[in-house]
Amino acid sequence: MYGGDEVSAIVVDLGSHTCKAGYAGEDAPKAVFPSVIGEIDGTGMDIDDAANTEDAKTNVVESDKEKGRRKLYVGSQDLNVRRDQMEILSPVKDGIVTDWDMVDNLSPFEHTAAKRKVWVAEIMFEKYKVPALFTAKNPILISFASGRATSLVVDCGGGSTTISPVHEGYVLQKAVISSPIGGDFLTDCLLKSLESKGIKIKPRYSFKRKEIRPGEFQVTDVEVPDTTESYKLYCQRMIVSDIKDSICRVPDTPYDDKSYSNIPMTSYELPDGQTLEIGADRFKVPDIIFNPSIVQIMLLLCSSLPLIFNQEAFSLISLFFFLVWIGGSILASLGSFQQMWFSKSEYEEHGASYIQRKCP
């Protein structure tokens, strides 16, 4: 999005797991928040009464279509507050927007296929009145951020993993291969593995922890009957995701149960004070992304992944969490980029479909 001659362009990367937004030319995004939305069905709720509730003080978003019927909560701060009957919904699945009405409340900009580009142009020019905009594909931005016009891009996101060849700034679309295994899938695998061992992951809202003596705590369960399953799962995933990020490692050699059966245990303390001892799962779960047969998933990609990925590559990927956004930041800050914008005048003259020509 173009902010005018006196203001930097705004760069937005809407991913399956996280939304990143900030100004072009900067090293990192200003805002990073989950790409999910909390929804409370407000059918039958009086608007005036709702305005007087404590919830009205939080970051509540209401769409024109749904105003008076539902409340939407956006951002980590509001999603961390438990509310009765609040469902957690995601408008983005496997890197593709599936609910554009919801995305309009979350963020209005996404790198998508041809028809979705037209929708982006329409809503940006008609609703948000931007003077100009530009869209780009993730592999191109990653390649650009790495200082290369030609590269093989491995994009491990929250919802999927995609391998894309980029030649002279263009994606060779027919050669792109994808896997539905991403970071969120690994989190779910670790959660199920822990539960299968009888380990209960308690969401932070479900207990109170009180220090009764120095270093000794008492944990009391809290009854929250109106909490939805989707919100409970969201909170559990946040905890398990931290476990995954903190102690999981990619094995040096392909994982097998026999080789890693005697691996030393690593400790992790849960929010309720439980101490987990995790052994082989530290290596088994990350290796799923390279060897999906571990969880009996049949993919066309299975034979290719071990040849392309290795531990060093995976470590580099984890370091460049904002690489797509950084690529957009660099691109939009170039002086030559000013000629690439899809402007409001072009939109009015040629229509929204003209974005296909300006942003191939």
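The values are calculated or read from the model by the stated rules, or taken from the named source; none is laboratory data. A quick note: this is a predicted structure, and the numbers were derived from the prediction, not measured. Cβ coordinates were reconstructed from backbone atoms using ideal geometry, including for glycine residues, and neighbour counts include every protein chain displayed.
Answer with yes or no whether ILE247 is touching a Lys or Arg at 6+ places or on another chain (Cβ under 6 Å) and among the aliphatic types (A, V, I, L, M). If you could, list the steps in order and put the result at the bottom.
Values: touching a Lys or Arg at 6+ places or on another chain (Cβ under 6 Å): yes; among the aliphatic types (A, V, I, L, M): yes.
For ILE247, the condition - touching a Lys or Arg at 6+ places or on another chain (Cβ under 6 Å) and among the aliphatic types (A, V, I, L, M) - is met.
Tally time: how many residues in region 127-169 are among the small types (Gly, Ala, Ser) and free of Cβ contacts under 8 Å to residues at least 24 places away in the same chain?
Kept after step one, since they are among the small types (Gly, Ala, Ser), are these residues of region 127-169: 132, 136, 143, 145-147, 149, 151, 157-160, 164, 169.
Still in the list and also free of Cβ contacts under 8 Å to residues at least 24 places away in the same chain: 147, 149, 151.
Going through region 127-169 one residue at a time, the tally reaches 3.
Tell me, please, whether a residue that is within 30 Å of SER90 (Cα to Cα), loosely packed, with under 15 Cβ neighbours inside 10 Å and of a type in the set (S, T, N, Q) can be found in region 254-270. Break it down stepwise before answering.
First, the residues of region 254-270 that are within 30 Å of SER90 (Cα to Cα): 268-270.
Next, only the ones that are loosely packed, with under 15 Cβ neighbours inside 10 Å stay: 269.
Remaining after also requiring of a type in the set (S, T, N, Q): none.
Within region 254-270, none of the residues are within 30 Å of SER90 (Cα to Cα), loosely packed, with under 15 Cβ neighbours inside 10 Å and of a type in the set (S, T, N, Q).
Pairs under 6 Å by beta carbon, first residue surrounded by 14 or more Cβ atoms within 10 Å (Cβ to Cβ) and polar (S, T, N, Q) in region 338-356, partner at pLDDT 90 or above and assigned to a strand (DSSP E or B), six or more apart or different chains?
Close Cβ pairs (under 6 Å, with a partner that is at pLDDT 90 or above and assigned to a strand (DSSP E or B)) amount to SER343/ALA132.
From the list GLY157, GLY182, which one is within 22 Å of VAL36 (Cβ to Cβ), surrounded by 21 or more Cβ atoms within 10 Å (Cβ to Cβ) and out of contact with any helix residue (DSSP H, G or I) (no Cβ under 6 Å at 6 or more places or on another chain)? Explain how you work it out, then say what you get.
Details: GLY157 fails: surrounded by 21 or more Cβ atoms within 10 Å (Cβ to Cβ).
Answer to the check: GLY182.
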